[in-house]
Amino acid sequence: MTEKSFKGKTVLLTAGPTHEPIDPVRFIGNHSTGKMGYALAECFAQRGAKVQLVSGPTNLRTHHANIEVVAVTTADEMYRAVLKYAEAADVWVFAAAVADYRPKTMADKKIKKDGDELTIELVKNVDIASALGKQKKEWQFSVGFALETHNESANAREKLRKKNLNMIVLNSLNDPGAGFAHDTNQVTIIEENATHSFELKPKSELAQDIVNLIWERLHG
Ligand code: CTP
C-alpha cells in the first residue's frame, strides 16, 4: 500500500492539559498526559506534514524535524498560539484537554490556610475549537476530541455541530484501558454522515487510523 502522504500540508495540533494558576504555587488542571496528541503529531510528521504542536504542560518530548513545539501553560496562551498558526493550516486537530474555567484572579502571593473554607471564583475560558470553528474556511479540515461519561454519542454529535468540526474522536471513560494516562485507547470517530468504531489499541496505532481517515477526506 502506498503511504497516505501529507507532503505540502500544514497541521496544527493542540495537546495536553492546560494549567490555570490559583497562586504562584497552585493551579487547576486535569489528568491529560498529551499522549494521543503527541502520537498524532508524530504520525502526521512521518507522513511529511509540517506540524505545529501547541502543547500544554506534559512530560513528553518529540524530536521529529517536521514538528515545531509551541509550549504553553494556560488556555488563554493556547488560544493565542493557535490563532497565530490557524489561518495557514490545512488541518486542525484539537486534542488538548483545555480547562473550561480559570480562577478569576491569580493571587500574587501563596494563599495561606487561614480559614476552614476557601472559595475560589472561576470564570469561563475561551472554547478554542468553537472560536476557530467560526473562522474555518471550506478547504480546512478540523478534528475535535470528546471525552464523555454518559450519553456519549449524542454529546459528541452535539459538539461536532456546535464547534463546526468535520470529525470528532469520541473516547468514553467507561471503557477500560481508554482515556487518560493509558497507552491504549478505544474510540469511535463520528462524522456528520458516518460512524467508525475501532477496537482497543495502542495510541500510536490509533493515530495511524485517524490520520488515514483524515487523508481520505482530504483526497476523497
Ligand atoms: N476544547 C477547546 N477549548 C476549550 C474546551 C474544549 O478547544 N476551552 C476542545 C477540545 O480540545 C476537544 C473539544 O473541544 O477537541 C471537546 O472538548 P470537551 O472537553 O470534551 O468538551 P467541552 O466543550 O469542554 O464540553 P464539556 O466539558 O461540557 O463536556
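Structure values in brief
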{"quantity": "Burial order of peptide ranges 65-73, 53-61 (average beta-carbon count within 10 Å, highest first)", "calculated": "53-61, 65-73"}
{"quantity": "Computed FRET value (nearest 0.05) for Glu191 with Lys134, which takes r as the C-beta separation and R₀ as 25 Å", "calculated": "0.80"}
{"quantity": "FRET efficiency estimate (nearest 0.05) - Cβ-Cβ, Glu117 to Arg217, R0 45 angstrom", "calculated": "0.30"}
{"quantity": "Calculated from backbone phi, Karplus (6.51, -1.76, 1.60) coupling profile of segment 109-114 in Hz, x at Gly/Pro", "calculated": "10, 4, 6, 8, 7, 7"}
{"quantity": "Relative contact order (%) - criterion: Cα under 8 Å, at least six apart; region: segment 10-167", "calculated": "26"}
{"quantity": "Stretchable slack from Asp76 to Asn30, in nm (0.36 nm times residue separation minus alpha-carbon distance)", "calculated": "15.0 nm"}
{"quantity": "Accessible area in square angstrom per residue, segment 105-217, 1.4 angstrom probe", "calculated": "61"}
{"quantity": "Percent RCO, i.e. relative contact order, over segment 112-220, from Cα pairs under 8 Å lying at least 6 residues apart", "calculated": "17"}
{"quantity": "222 nm mean residue ellipticity, helices alone, for the chain (DSSP H n ≥ 4; -39,500 (n - 2.57); rounded to 500)", "calculated": "-8000 deg cm²/dmol"}
{"quantity": "Proximal aspartates and glutamates relative to Lys50, as straight alpha-carbon distance under 17 Å, when same-chain residues fewer than 8 apart are discounted", "calculated": "Glu3, Glu42, Glu68, Glu87, Asp90"}
{"quantity": "All Cα pairs of the chain, percent lying beyond 28 Å", "calculated": "28"}
{"quantity": "Relative contact order for segment 1-70, counting Cα pairs under 8 Å that sit 6 or more residues apart, in percent", "calculated": "39"}
{"quantity": "Pairwise label distance in nanometres, Ala107 with Ala65, each label 7 Å out on the Cα-Cβ vector", "calculated": "5.0"}
{"quantity": "Ranked packing of 10-18, 76-84, most packed first, by mean Cβ within 10 Å", "calculated": "10-18, 76-84"}
{"quantity": "Backbone N under 15 Å from the Leu173 label point (7 Å along Cα→Cβ), restricted to segment 91-108", "calculated": "97-101"}
{"quantity": "Percent accessible area from carbon and sulfur atoms, segment 86-144, protein chains only, probe 1.4 Å", "calculated": "48"}
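The values are calculated or read from the model by the stated rules, or taken from the named source; none is laboratory data. Values in this document were obtained by computation on a predicted structure and should not be read as measured data. Neighbour counts are summed over all protein chains in view; Cβ atoms, including those assigned to glycine, are modelled from backbone coordinates with ideal geometry. SASA here: full protein model, heavy atoms, side chains in, ligands and nucleic acids out. Shrake-Rupley method; radii C 1.70, N 1.55, O 1.52, S 1.80 Å.
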